[in-house]
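A short write-up of the structure that comes next.
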Amino acid sequence: EAGVVQSPRYKIIEKKQPVAFWCNPISGHNTLYWYRQNLGQGPELLIRYENEEAVDDSQLPKDRFSAERLKGVDSTLKIQPAELGDSAVYLCASSHTRAPGGYTFGSGTRLTVV
Amino acid sequence: DQQVKQNSPSLSVQEGRISILNCDYTNSMFDYFLWYKKYPAEGPTFLISISSIKDKNEDGRFTVFLNKSAKHLSLHIVPSQPGDSAVYFCAASASNSGYALNFGKGTSLLVTP
């Protein structure tokens with residue numbers, strides 16, 4: 001079984017530029033999460049999807065961040081424009097709906113904004 | 001505010017000895033607790049979990065203990081092996097929030113030969 005696939009693995013951009021991250025969850029996993037991990041911190045939830053519906057986006061900075069999960073499968077997280085403070089690892093995870101402990105994380109995208 | 005706290009940023013243990021990683025939480029609504037292990041340049045991988053209705057869960061060399069009254073949990077690794085060297089994250093979730101995970105800052109474990 002393929003795991004959660006994220007791309008790109010690394011991205012370096014100049015501030016004020018846009019950037020997008022892509023995630024393909026495990027087949028059959030209805031719930032998809034985007035987390036952000038700053039250096040020396042634990043991951044923090046940005047948004048949670050149940051199928052194609054964003055059911056918790058309270059922590060997503062909506063002025064510059066957007067996400068979509070068309071057809072309830074893969075998902076894209078976008079930042080426009082990027083700021084220096086957005087440098088972090090962006091992690092995608094998926095699970096069976098409402099299954100505690102059933103998370104599988106991808107390897108993440110390390111974003112560096114210069 | 002940090003609802004899950006891991007107050008020890010790092011821990012060094014000799015091979016064969018016990019490693020004890022600690023975690024405290026503040027939100028009484030949390031009903032499921034997990035430990036994740038993370039190697040550099042990889043995503044966190046699930047290690048072991050415990051429901052709030054239990055006080056102990058064991059899986060091979062790994063045991064998680066939960067003390068609900070103290071809002072404290074710990075991960076015991078016995079015996080520790082060099083391959084256990086990684087960052088360990090404590091996480092907690094609540095059924096009323098769709099089991100979204102709240103993570104601590106992590107503890108970096110180094111197991112020396």
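A short reminder: the numbers here are calculations on the coordinates, not readings from a lab. These figures come from a predicted structure and were not determined experimentally. Positions of Cβ are backbone-derived with ideal geometry, glycine not excepted, and every protein chain shown enters the neighbour counts.
Observations on the model:
- Environment charge of A:Pro8, counting only residues whose C-beta is closer than 14 Å and scoring Lys/Arg +1, Asp/Glu -1: +4
- In plain terms, if you count all Cα to Cα distances in chain A and split them into 5 Å steps from zero, the share in each step is 2, 13, 24, 27, 19, 10, 4, 1 percent.
- Partner shielding of A:31-43 amounts to 4, given as the average count of beta-carbon atoms from other chains within 10 Å of each residue beta-carbon.
- 10 Å-binned pair-distance histogram of the protein assembly as shown (Cα, whole percent): 8, 33, 35, 19, 5, 0
- Anchor B:Lys56: lysines whose Cα lies under 16 Å away (excluding residues fewer than 8 positions away in-chain): B:Lys68, B:Lys71
- Mean separation of Cα contacts under 8 Å, 6 or more apart, over the residue count of chain A: relative contact order %: 37
- Where trypsin sites (Lys or Arg not before Pro) in DSSP loops with at most 14 other Cβ within 10 Å are excluded, longest remaining stretch of chain A: A:17-61
- Charged side chains reduced to their Cβ positions (Lys and Arg at +1, Asp and Glu at -1) give chain A a dipole of some 300 debye around its Cα centre.
- Taking the alpha carbon gyration tensor of chain B, multiplying each eigenvalue by 5 and rooting it gives semi-axes of 23, 15, 12 Å, largest first.
- Separation of alpha-carbon centers, the range B:47-99 and the range A:19-34, rounded to whole Å: 26
- Gaussian network model of chain B, springs between alpha carbon atoms under 10 Å - residue of B:Ala94, B:Ala41, B:Ala70 with greatest fluctuation: B:Ala41
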